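What follows is a short report on a single structure.
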Amino acid sequence: MKRLTLLVLCLLSGLWTNLSAQDHPRWTIGLSAQYGTLARESDRTMGAALIPSVRYHFGSSWSVGGALHLPLASARGDWAVCHTTGLELSLSRGFELLPQLRLTLSAVGLWGITGPYKVVSNTVDAALPPGDPGYGKLRVDYQSSRWLVGLRPGLSYRFARGWSVELGYGLLGYRSNKMLDETYTFDGKSREGAWGFNTEAGWGNGLRVGLSYSF
């Protein structure tokens, strides 16, 4: 058992030494601005957000990271429920197209709250009038969070030592809501999700332009 433990420690030590000897940055911090159509159902209403991020590189091509999605919106807006305030985690792989230009594919998971605010009440009971077909008690579940998973493409161009301009647009995957403004269901029914390529700014999938620094 001691020999096995010693062998594992030696292998991990060798891997760490090998990675440390490579000439590539360890960390990247960035700030992106996002802009685009808020949601398909929002009649071309545009949405914007700021997205600060940090990534750790464990090789010349691989990195893991996290980002905050902070919508520039008011809770009193007409389409406030279509915004998502969330945390995004990603595993990214970079591909060199030119000496200073890289294509990035990221496996992304996003979890966020509905709107630029926190929903307090999740479930209410609505009393219907006697003449209504659903007379009695109707359970209404209000959604306080939403999520998505998928692949996000991006480009980065290094214009100076450590500094890069980054560009991203869209996500291919699954999201918990087909329609962003459908934030409630009746009598415990399941909410309809959706697969596909999404470019809605309410999901954080609009056009992203940002600046990053690696060190």
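The values are calculated or read from the model by the stated rules, or taken from the named source; none is laboratory data. From a predicted model like this one, the values you see are computed outputs, not experimental measurements. Glycine gets a Cβ as well: all are built from the backbone with ideal geometry, and neighbour counts include every protein chain shown. Areas reflect the complete protein model, heavy atoms only, side chains present, ligands, DNA and RNA absent. Shrake-Rupley method; radii C 1.70, N 1.55, O 1.52, S 1.80 Å.
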Point to revise | Residues located in region 197-215, provided they are within 15 Å of PRO71 (Cβ to Cβ) and polar (S, T, N, Q) | key: ASN205
**Study point:** GLY115 being modelled with pLDDT of 95 or more, in contact with a strand residue (DSSP E or B) (Cβ under 9 Å, 6 or more places away or on another chain) and more than 17 Å from SER32 (Cα to Cα)
**Key:** no
Review point. Across region 62-88, what is the number of residues that are out of contact with any Ser or Thr (no Cβ under 8 Å at 6 or more places or on another chain), over 27 Å from THR28 (Cα atoms), free of Cβ contacts under 8 Å to residues at least 40 places away in the same chain and surrounded by fewer than 16 Cβ atoms within 10 Å (Cβ to Cβ)?
Key: 1
Practice item. Filter region 25-54 down to the residues that are farther than 30 Å from ALA75 by Cα and open to solvent by 30 Å² or more (accessible area, probe 1.4 Å), then identify the one that is modelled with the lowest pLDDT. Key: PRO25
